[in-house]
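J.: Sharing a structure below in structure tokens format, with a few things to ask.
Throughout, read-outs are computed from the coordinates displayed, never taken from laboratory work. All of these numbers come straight from a predicted model, not from anything done at the bench. Cβ placement follows ideal geometry from the backbone for every residue including glycine, while neighbour counts extend to all protein chains displayed.
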């Protein structure tokens with residue numbers, strides 16, 4: 001056993017297929033290494049403690065807001081067979097919480113990795129995903145498993161719930177802009193609201209059709225990425241936003257930023273993640289255009305922006 005354990009994870013961005021992925025449709029997402037989480041585990045002289053942005057105190061007294069993290073910690077210690085060992089767990093995160101970037105899953109991934117590292121116990125990837133998925137059930141009710149996969153990976157994936165995820169290569173001459181509205185999303189509530197409407201209507205109802213449309217767009221987008229067709233991918237972003245708006249996932253703040261991006265030359269723009277706040281994404285031909293769009297977004301209310309090169313280098317450029 002070492003004197004400390006360290007675990008890392010990254011944010012995630014859903015390119016297309018959010019919400020519909022819960023219903024068996026495909027989604028495309030990528031690990032967003034511009035934003036990271038680090039968890040550090042050391043020995044505690046008293047009881048197990050947690051130090052993070054939202055709480056500093058005993059594990060036993062953690063607020064309900066952090067129940068998913070508590071679940072990940074307890075499950076990990078149970079698997080390691082060290083439930084009675086007092087630990088000091090510190091989490092440093094650059095991911096804005098509740099913005100659709102996979103914050104809760106990323107925190108769990110980094111923490112689980114740090115715990116196993118502290119006790120020098122091998123952590124099979126399948127076990128990591130299993131533990132994080134159990135924690136995510138508390139955070140999101142009916143998680144797709146996508147957040148757990150993406151925040152623990154270095155590879156973009158084409159993902160269908162219940163199937164083996166398919167790694168894909170980023171081979172697109174374009175730059176992705178991510179912008180934060182500064183407003184926390186309400187993923188769990190939005191997922192529940194969609195489920196209620198979806199289950200209450202016929203297969204030909206608007207919610208079913210919107211979900212199917214998002215799935216079709218995810219299939220098309222995979223082809224556009226692999227064949228380097230950024231204009232077509234941008235159009236797919238716009239069509240996806242229409243479907244997400246029908247599902248009542250968007251918000252006035254998101255709509256404003258999406259409109260600004262399009263008016264400033266974006267090939268396409270849409271929300272990303274749970275919606276009802278959170279972040280939006282837009283696609284540009286190159287870095288210069290992306291910087292212009294990002295500046296316009298900041299001038300119209302975006303709290304923060306990031307740029308991501310969509311080539312095989314996966315280079316974060318700001």
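J.: Quick check: is even one residue across segment 169-179 part of a helix (DSSP H, G or I) and either in contact (Cβ under 8 Å) with a residue 24 or more places away in the chain or surrounded by 18 or more Cβ atoms within 10 Å (Cβ to Cβ) (or both)?
T.: First, the residues of segment 169-179 that are part of a helix (DSSP H, G or I): none.
No, the conditions are met nowhere in segment 169-179.
J.: Do we find that residue 126 is part of a helix (DSSP H, G or I) and either surrounded by 22 or more Cβ atoms within 10 Å (Cβ to Cβ) or in contact with a helix residue (DSSP H, G or I) (Cβ under 6 Å, 6 or more places away or on another chain) (or both) in this structure?
T.: Working: part of a helix (DSSP H, G or I): yes; either surrounded by 22 or more Cβ atoms within 10 Å (Cβ to Cβ) or in contact with a helix residue (DSSP H, G or I) (Cβ under 6 Å, 6 or more places away or on another chain) (or both): no.
No; evaluated as a whole, the condition is false for this residue.
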